[in-house]
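Notes for the one structure printed next.
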2 protein chains.
Amino acid sequence: MIMSNSLPLSRRDVIEARLAEGRQIIAASLAVEFNVSEDAVRRDLRALAAEGKCRRVYGGALPLLTSSRPISDRIGQASDRKRVLAQAAVAMIEPGEFLFLDSGSTNLAMVDLLPKDLGATIATNSIDIASAVMKRGDIPLVLIGGAVDPVVGGSVDASAVAAIEAMNIDRCFLGVCAVSARNGISVYEHADAIFKRTLLKRSAARIALITSEKFHERAPHRIGGAGDIDWLVVEDDLPADDEKAAVEAGFSLVKASNVTSSS
Amino acid sequence: MIMSNSLPLSRRDVIEARLAEGRQIIAASLAVEFNVSEDAVRRDLRALAAEGKCRRVYGGALPLLTSSRPISDRIGQASDRKRVLAQAAVAMIEPGEFLFLDSGSTNLAMVDLLPKDLGATIATNSIDIASAVMKRGDIPLVLIGGAVDPVVGGSVDASAVAAIEAMNIDRCFLGVCAVSARNGISVYEHADAIFKRTLLKRSAARIALITSEKFHERAPHRIGGAGDIDWLVVEDDLPADDEKAAVEAGFSLVKASNVTSSS
DNA sequence: AGTCAATTTGCACATTTATACACGATTTGA
DNA sequence: TCAAATCGTGTATAAATGTGCAAATTGACT
């Protein structure tokens, strides 16, 4: 029973860590995520601002450092778009579900956005995702073993397929390399494709997070078509022709609007 | 039900060990787990905080350097001593072997010290070690899956045991929590002990890296005695009485002299 | 065995801390 | 300008904490 009861003050550390990454803080979102009132979040922000760790703004707080961060900026930019997708995906999760997070940087971004009181269990074959989930420490984790594919960053061999064959997954988040109306969803690695097909077969709800450039990628191994995926979570500013083609191919789209306040 | 009838002193050691692993301590949970009042736990936390081992927070305590860099900071603390042990352990590896690296920060230190042209394959159940091996990118990796034990940082459940039952390991590096002449080698977690016993059974050569303080730790679950381990890699400055007791208990010691040179 | 000192523990009490709620003031956006 | 959202302050409540003290345990010495 050592589950998920996190220390109250660790919340402030989490906020501080996010600020250190250059991320903006929205008081209302944090309140929901940590399952506390907005007053508590505001107190934390006030304390952090008093320590000079952030700047208070209407609706939340912003990190202080605005000057030179060459590398982190680029990562932060890419992360921002992926985080919007991830936030929309997190909102689709029901409490207590058995989730599978497939390998992929967008799925990795989901881990930090999962609410604290989520009673879900996460299974994954990605070492990076497993590492992130374990670092949180409040989510039960099931790791899929097997020979590790260095391109995928996780196990996609026969033993990994056999492991998920024995799972009843409530909701899986698929990582894909390319999407098109003609070829459906595809990936680069053959073994990865076999693994993902099995994953889709064993999952009740199947979701894929798609950054806009994925619609113009090409990959050799087809996983399936529109009938094999329940939802594609796409960016808000997806070009109209891409969207039209996807819808006509039978895909159900969920637009991830960055409702994160104005700005 | 783990009823620890162990010595009162051991409780504080267990708490310290958990903090060293980066885990957060919740006073109320600890009180239930050790079957003592919260006052006793708070007294321990106060003492540990006074020693600089942790940071007290409302509701329990947090490890000191955990928010920003949980892994690298821990390694940075005792990196010198552990790197010496790890270097000695790496020297025992033969080319082309199938290795198993058990969970543990000392074994983790081995990953970065492995030579480039090593034709070995590494298997592990530790997420941190898998992450480090994958980051290198030049070593074939086999990951042991299963439900992840948050204390161990990897899988030690029945499926993990079943996975290594099918392996013929040339050389395994065991992670242990405590060593003594009377009780042999021991760990904190029951499932971890079962896993390690199977690991020893499936391994041709069995090695454990032991920092000196492990000789004065206590842990509830015994893995085995001197006959179950081929080599204990110990520090150069191991106290003479500890060394004498270990040798008389039948252990074969390898002293890791810090003549690492270079760098 | 007996005794004494030191440590550890549990309990009672006052204090501090964190939190949620209520109300008025302030800011934001249309 | 107005309405909605957000912020700040005050207050009540629950939880955690620190302190003092007595009982129980341990270890050493006679």
Cut-off 10 angstrom, C-alpha nodes, Gaussian network model of chain B. Which of B:168, B:107, B:125 fluctuates the most? B:168
If amide H atoms are built 1.01 Å from N in the plane of the peptide, which residues on other chains or at least 5 residues away come under 5 Å of the amide H of residue B:233? B:208, B:209, B:210, B:254
For the range A:10-67, what is Rg from Cα atoms divided by 2.2 N^0.38 Å, rounded to two decimals? 0.99
Rounding to the nearest 10 and keeping the result within 0 to 90°, find how far the Cα-based axis of helix B:127-136 lies from the longest principal axis of chain B. 40 degrees
Indicate, rounded to the nearest 5 percent, the antiparallel portion of the DSSP beta bridges found entirely in the range B:78-256. 30 percent
Residue by residue through B:29-37, how many Cβ atoms from other chains fall within 10 Å of the Cβ on average? 1
Estimated FRET transfer efficiency when R0 is 45 angstrom, pair residue A:55-residue B:28 (beta carbons, to 0.05): 0.80
Place a point 7 Å from the Cα of residue A:92 along the Cα-to-Cβ direction; which residues of the range A:205-232 have their backbone N under 18 Å from it? A:205-215, A:223-232
Mean shadow area (nm²) of the C-alpha convex hull around the range A:111-263 is 9.9 nm²
So the label point sits 7 Å from Cα along the Cα-to-Cβ vector; using that for residue B:204, what distances do you get to the other copies, in nanometres, sorted shortest first? 4.8
Please report, for residue A:92, the nm distances (one decimal) from its label point, 7 Å out from Cα along the beta-carbon direction, to the equivalent points in the remaining copies, shortest first. 5.0
Potential extension, residue A:42-residue A:165 segment - 0.36 nm per residue separation minus Cα distance: 39.7 nm
Just to be sure I understand the model, the point goes 7 Å from the Cα along the line to the Cβ. What's the resulting residue B:197 to residue A:213 distance in nm? 5.3 nm
Quick one: work out Rg over Rh on the C-alpha atoms of the protein assembly as shown, Rh as Kirkwood radius. 0.98
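As a test, work out the antiparallel percent of DSSP beta bridges whose residues both lie in the protein assembly as shown, rounded to the nearest 5.
Of the beta bridges lying entirely in the protein assembly as shown, close to 45 percent run antiparallel.
Please report the equivalent ellipsoid semi-axes of chain B, computed as sqrt(5 x eigenvalue) of the Cα gyration tensor, largest first, in whole Å.
Over the Cα atoms of chain B, the semi-axes work out to 29, 20, 20 Å.
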Output the pairs from A:214/A:244; B:196/B:255; A:82/A:244; A:82/A:255; B:214/B:244; A:82/A:214 with a Cα-Cα distance over 20 Å in this structure; if there are none, say none. B:196/B:255; A:82/A:244
With only Lys, Arg, Asp and Glu charged, each at its Cβ (+1 for the first two, -1 for the last two), find how big the charge dipole of chain B is about the Cα centre; round to the nearest 20 debye. 520 debye
Farthest towards the positive end of the dipole of the range B:155-263, among B:238, B:160, B:224 and with Cβ unit charges of +1 on Lys and Arg and -1 on Asp and Glu, lies the Cα of B:160
Lys/Arg Cβ at +1, Asp/Glu Cβ at -1, dipole of the range B:8-63 taken about the Cα centre: which of B:57, B:30, B:19 is farthest positive-ward? B:57
For chain B, what does -39500 (n - 2.57) per DSSP helix run (n ≥ 4), summed and divided by total residues, give at 222 nm, in deg cm²/dmol to the nearest 500? -11500 deg cm²/dmol
Can you list, shortest first and in nm, the gaps between the label point of residue A:42 and those of its counterparts in the other copies, using a point 7 Å from Cα in the C-beta direction? 3.0
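Bear in mind these aren't lab numbers, they're just calculated from the coordinates by the rules spelled out. Just so we're clear, the structure is a prediction, and the values are computed from it rather than from any experiment. As a convention, Cβ positions derive from the backbone with ideal geometry for all residues, glycine included, and neighbour counts pool all protein chains shown.
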